[in-house]
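See structure below.
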Amino acid sequence: MQPLRLSPAEGQRPPTRPEGRGRAGADLRPRPVHRRTTPGPRIDTYTADDNGGICRREIGPEDTIDGIKAKDWAAYVGRSPMYYLMQFFRMSITKQKVTVCLSAFLFGPAYLLYRKMWKEGLLTALLSLALSVPSLIAIVATFNPSLFGSMPLHWVPVAADVCAIADWIVRILLGLFSVWLYRNASKKNIDKIYSEYPEGDARTDALLQKGGTSIWAALLYFGIVLLLSSLVINLAGPGFVQYAMAMAGY
């Protein structure tokens, strides 16, 4: 006699595994991702440890750098907070002051003014202007010598060369130490805000207002430079304009 085989009832399907279940009852359903809800930056930074090796550390918004919370550093810095917080943290650990900053090397005082370092930017702008005076005098004396009459100008070429070298030294120093200057100036301002405002929205608003960047200050600096350059061109006369056009290939 053949064994009796049972088939599923009409209109019914054989039992299957529950949705989201694998073999042996494993739960294959996607699990919710727990996201950080704490505001502020969270960065991974690498620095030197006490033994001279390289160590990695994650900096959260509540972690402090030089006694200031990372989220407050970020609020004050404004643009590019991750870069500056990483550099500030490295400086606080290694006690090193040197950081290569190409923007400071290329734009000099404009970078300092853009980062709202008013005193440092103004002093550097005046120094740059003073160092450019001998070169400007040499240009005017070459193409419009009658403007100076019988005034002795034998010292101008030497002074122009010395000031040009000094200007390059200033640019290199700015390229190496501007981030350190920015850290010190920022810490001073943040410490003052800490003493005036309790932790909360009022402190955050003060950090945002006091810090950040000022594109208008940088544009004003470039505008003044262009104005002074136009003045020198007018004093040098058409001979300088023709020379400049010939050098440009026109």
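Being of a type outside the set (A, V, I, L, M, F, W, C), surrounded by fewer than 17 Cβ atoms within 10 Å (Cβ to Cβ) and in contact with a Gly (Cβ under 9 Å, 6 or more places away or on another chain) is a property that does not hold for ASP201. Report yes if ASP50 is acidic (Asp, Glu) and modelled with pLDDT under 90, otherwise no. Considered against the rule, which asks whether it is acidic (Asp, Glu) and modelled with pLDDT under 90, ASP50 comes out as yes. For the stretch 99-121, the set of residues classified as part of a loop (DSSP other than H, G, I, E, B) and farther than 17 Å from TRP168 by Cα consists of THR99, ARG115, LYS116, MET117, listed by residue number.
Restricting attention to the stretch 83-98, the residues that are in contact with a helix residue (DSSP H, G or I) (Cβ under 8 Å, 6 or more places away or on another chain) and assigned to a helix (DSSP H, G or I) total 5.
Do we have THR204 as of a type in the set (Ser, Thr, Tyr), closer than 26 Å to GLN96 by Cβ and touching a helix residue (DSSP H, G or I) at 6+ places or on another chain (Cβ under 9 Å) here?
Taking the combined requirement at face value, the residue does not satisfy it.
Within the stretch 208-250, which residues are small (Gly, Ala, Ser) and free of Cβ contacts under 8 Å to residues at least 40 places away in the same chain? The answer is GLY223, SER229, SER230, ALA244, ALA246, ALA248, GLY249. Annotation: LYS116 fulfils all but one of (1) on the phi > 0 side of the Ramachandran plot; (2) among the charged types (D, E, K, R); (3) in contact with a helix residue (DSSP H, G or I) (Cβ under 9 Å, 6 or more places away or on another chain); (4) surrounded by fewer than 16 Cβ atoms within 10 Å (Cβ to Cβ); the unmet one is (4).
For the stretch 142-167, the set of residues classified as among the aliphatic types (A, V, I, L, M), at pLDDT below 90 and part of a helix (DSSP H, G or I) consists of LEU147 only. Looking at the stretch 197-213, can you tell me whether even one residue there is under 14 Å from PHE107 (Cα atoms), in a helix (DSSP H, G or I) and out of contact with any Lys or Arg (no Cβ under 9 Å at 6 or more places or on another chain)? No: the stretch 197-213 contains no residue that is under 14 Å from PHE107 (Cα atoms), in a helix (DSSP H, G or I) and out of contact with any Lys or Arg (no Cβ under 9 Å at 6 or more places or on another chain). Of all the numbered requirements in (1) of a type in the set (A, V, I, L, M, F, W, C); (2) surrounded by 17 or more Cβ atoms within 10 Å (Cβ to Cβ); (3) under 25 Å from THR94 (Cα atoms), ILE172 misses one, and that requirement is (2).
The values are calculated or read from the model by the stated rules, or taken from the named source; none is laboratory data. Here the structure is a predicted model, which is why all the values come from computation and not from measurement. Note that each Cβ is placed from the backbone with ideal geometry, even for glycine, and that neighbours are counted across all protein chains shown.
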